[in-house]
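Trainee: Before anything else, here's the structure in question.
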Amino acid sequence: MKKITSRGSGILLHVSSLPSNYGIGTFGEEAYKFVDFLKYSGQTYWQILPLGQTSYGDSPYQSFSINAGNPYFIDLDILAYEGLLKQEEYQTLNWGDNPTLIDYELMYNLRYHILEKAFTRFNLKENGYIKFLEQEKNWLEDYALFMAIKKVNNDYSWEKWGEKFRKKDPETLKCFIKNNREKIEFWKFLQYKFYTQWRNLKNYANKNGIKIIGDIPIYVAYDSVEVWKNPEYFQLDEQLNMISVAGCPPDAFSAIGQLWGNPLYNWEYMEKTKYNWWIDRLKSATTLYDIVRIDHFRGFESYYSIPANETTALNGKWQKGPGIKLFNRIKEELGELNLIAEDLGYLTEDVIQLLKETGYPGMKLMQFAFDSREGGDYLPHNYTQNSVAYIGTHDNNTALGWILSANSNDIEYMRSYLDIYTSNDKETVWKMISRTMAVTSNVVIIQMQDYLGLGDEARMNVPSTIGGNWCWRMWKNATDERLIQSMLHITGLYKRIRKSN
């Protein structure tokens, strides 16, 4: 692990939460303005959620592909500048009535229609496109075919396709490719534009001293090209149905646990194939991001296995994962990587030992430190330099929302421990930010919502719930000069100021 040895700080804000005139944040002008804001306020990191193409439920942690990017993030103004769109084709449309919320149904109904117009004007012989097809062919061909078949099948999950499509009958696929070349090409075009715009934005961020912290889910969606294409990597039966699924056991937060429903890995097969699937995945992620956060790190030591026919997580059991063998193999092939281990929740001694052996920094949450239901030890006096500290992440309430909704005894303990006695809740949030910036952790990441003093209306996600998640957006001009100066002061006070290039 390339340890982060200098103090720094950053902001957690997903691309979807950026302002824009077209219903969702993109890689356009507002993203570049946000990079400028990070630079001027002395920050070093911009942490985002997974960039993958979202499916049912709109979660960035459930994607059709581990490699494909979300077409919603392709900026329409940039396409217009390139001559692929006319402004009146998209500027006159109703992209939603609330600029601080995403209407995903509206996105689905409008966005692809507009992107198809851009595709009709695109030169498929463009040199950059030809080069992209060659560079990304290992995953792009399968992804584009998968999405084209899905569209022909009314967006149904692949297990509901005809048997010859489900089981990838060579003649059936050959015939489909011959008759649907344009449909397949469309999905390749979208990925070309996604990757081109993202890389331009990331390069801009890096040139301005900002590093991108990306996020990869530990599991993939059942309805994904990875499971369809290579079912042998997953715990499926002969009919390609899931045998067991992922989740979390019951705890103080949920009496029935969490049933995620993702297929579990066939770790025995992955070991036989020298973990090449994971090596390829991390190799791809480390080209997209400067630092990669691995979600649910404890699942590599032991994972919770729930029979696929269960409706809750009550009847699951723990199974051993690959452990250090996987990470030794990754290091052997890819060298030292900049990784962050999401090690939240109850950790056994074996998980703690695995984290120690890898050398990856873990995560420390201020909210968990004062939650009497939480069994972990997150009190700030236990933080180490090799860690990343937060008040909360995308799965937590905002700081203000937490203060207003948490157990009163927990809040009183927090105030006493952190020496915060103001009656003004928004002032309390700022003091919590200050106390977090003061900890020994080399990296501190604060949610943008907390800097803006927002409550639970701006919460990004409530785990194990469907609907209403992933929708929050920041309003335009929220990052004003007053906020920049306040952040610059607190960042400098605790010696986290970004060093100039």
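The values are calculated or read from the model by the stated rules, or taken from the named source; none is laboratory data. Just so it is clear, the model here is predicted, and its values are computed rather than measured. Methodologically, a virtual Cβ is constructed for each residue, glycine included, from the backbone with ideal geometry; neighbour enumeration extends over all protein chains shown. Ligands, DNA and RNA are stripped out before the accessible areas are found, and what is left, the full protein with its side chains, is counted by its heavy atoms. Shrake-Rupley method; radii C 1.70, N 1.55, O 1.52, S 1.80 Å.
Trainee: Match the structure shown to one of the listed values (i) 1.09; (ii) 0.97; (iii) 1.20 of Cα Rg over 2.2 N^0.38 Å, computed from it, and give that label.
Mentor: It is the one labelled (ii).
Trainee: Restricting the count to DSSP beta bridges whose residues both fall in the chain, what percent are antiparallel, rounded to a multiple of 5?
Mentor: 40
Trainee: May I ask for the distance between the Cα centers of the range 423-463 and the range 71-122, given as a whole number of Å?
Mentor: Cα centroid to Cα centroid, the span is 33 Å.
Trainee: Please turn the phi angles of the range 486-492 into ³J(HN,Hα) values with the Karplus equation 6.51 cos²θ - 1.76 cosθ + 1.60 (θ = phi - 60°), one per residue in order, whole Hz, x for glycine and proline.
Mentor: 5, 5, 4, 5, 5, 5, x
Trainee: Could you list, in their original order, any pairs among 283/495; 150/331; 33/150; 167/274 whose Cα atoms are separated by more than 31 Å?
Mentor: Exceeds cut-off: 283/495; 150/331; 33/150.
Trainee: Got a number for carbon plus sulfur as a percent of the range 363-499's accessible area, 1.4 Å probe?
Mentor: 48
Trainee: So which of 39/476; 137/174; 207/431; 168/325; 131/193; 211/325 end up more than 21 Å apart, counting from Cα to Cα?
Mentor: 207/431; 168/325; 211/325
Trainee: Turning to a different aspect of this structure: Quick one: order 473, 121, 482 from most to least accessible surface, probe 1.4 Å.
Mentor: Descending order: 482, 121, 473.
Trainee: I need the phi-derived Karplus couplings for the range 13-19: 6.51 cos²θ - 1.76 cosθ + 1.60, θ = phi - 60°, integer Hz, Gly and Pro marked x.
Mentor: Once θ is set to phi - 60°, the couplings for the range 13-19 become 8, 6, 4, 4, 8, 5, x Hz.
Trainee: State the percent of C-alpha pairs, over all pairs in the range 326-471, separated by a distance greater than 21 angstrom.
Mentor: Pairs farther apart than 21 Å: 48 percent.
Trainee: May I pose another question? When the accessible area of the range 1-102 is split by element with a 1.4 Å probe, what percent falls to carbon and sulfur?
Mentor: C and S fraction of accessible area: 47 percent.
Trainee: Counting other C-beta atoms within 10 Å, and keeping those with at most 16, which DSSP coil chymotrypsin sites (Phe, Trp or Tyr not before Pro) do you find in the range 411-489?
Mentor: In loop regions of the range 411-489 (DSSP not H, G, I, E or B), the sparsely surrounded chymotrypsin sites (Phe, Trp or Tyr not before Pro) are 421, 475.
Trainee: Ok, one more. When the C-alpha atoms of the range 391-501 are aligned to their principal axes, what extent does each axis show, in angstrom, from largest down?
Mentor: 43, 35, 25
Trainee: Starting from 0 in steps of 5 Å, tell me what percent of the Cα-Cα pairs of the range 215-278 lands in each bin.
Mentor: For the range 215-278, the pair-distance distribution reads 4, 16, 24, 22, 17, 9, 6, 2.
Trainee: Moving to a separate point now. Around residue 340, which amide H atoms from residues at least 5 apart in sequence, or from another chain, sit under 5 Å from its own amide H, with H modelled in the peptide plane?
Mentor: Under 5 Å from the amide H of residue 340: 292, 293, 294.
Trainee: Moving to a separate point now. Could you size up the charge dipole of the range 44-133 around its Cα centre, putting +1 on the beta carbon of Lys and Arg and -1 on that of Asp and Glu, and report it in debye to the nearest 20?
Mentor: For this selection, approximately 420 debye.
Trainee: If you count only protein heavy atoms and use a 1.4 Å probe, how large is the accessible surface of residue 159, to the nearest 10 Å²?
Mentor: The accessible area comes out at roughly 60 Å².
Trainee: What ³J(HN,Hα) values, in whole Hz, does the Karplus curve 6.51 cos²θ - 1.76 cosθ + 1.60 give for the range 325-332 when θ = phi - 60°, with x put for Gly and Pro?
Mentor: 4, 4, 6, 5, 5, 4, 5, 4
Trainee: Largest first, how would 175, 471 line up by accessible area (1.4 Å probe)?
Mentor: 175, 471
Trainee: A follow-up question, please. Non-local amide H neighbours of residue 247 (under 5 Å, H modeled in plane, Pro and chain starts lacking H): which ones?
Mentor: 260, 304
Trainee: Let me ask another. Compute the Cα gyration tensor for the range 160-202, then decide on rounded, prolate or oblate, letting a ≥ b ≥ c be the square roots of its eigenvalues: rounded whenever a/c is under 1.5, prolate when a/b is larger than b/c in the other cases, and oblate in all that remain.
Mentor: Note, shape of the range 160-202 comes out prolate.
Trainee: Let me ask another. Per residue, what accessible area does the range 460-501 have, given a 1.4 Å probe and all protein chains present, in Å²?
Mentor: Roughly 61 Å² per residue, with all protein chains present.
Trainee: Ranked by accessible surface with a 1.4 Å probe, highest first, in what order do 384, 491 come?
Mentor: 384, 491
Trainee: OK, next. Excluding residue 454 itself, calculate the net charge of residues whose Cβ lies under 14 Å from the Cβ of residue 454, where each Lys or Arg counts +1 and each Asp or Glu counts -1.
Mentor: -1
Trainee: Checking the a/c ratio against 1.5 first, then a/b against b/c, what shape does the Cα gyration tensor give for the range 97-182?
Mentor: In terms of gyration-tensor shape, oblate.
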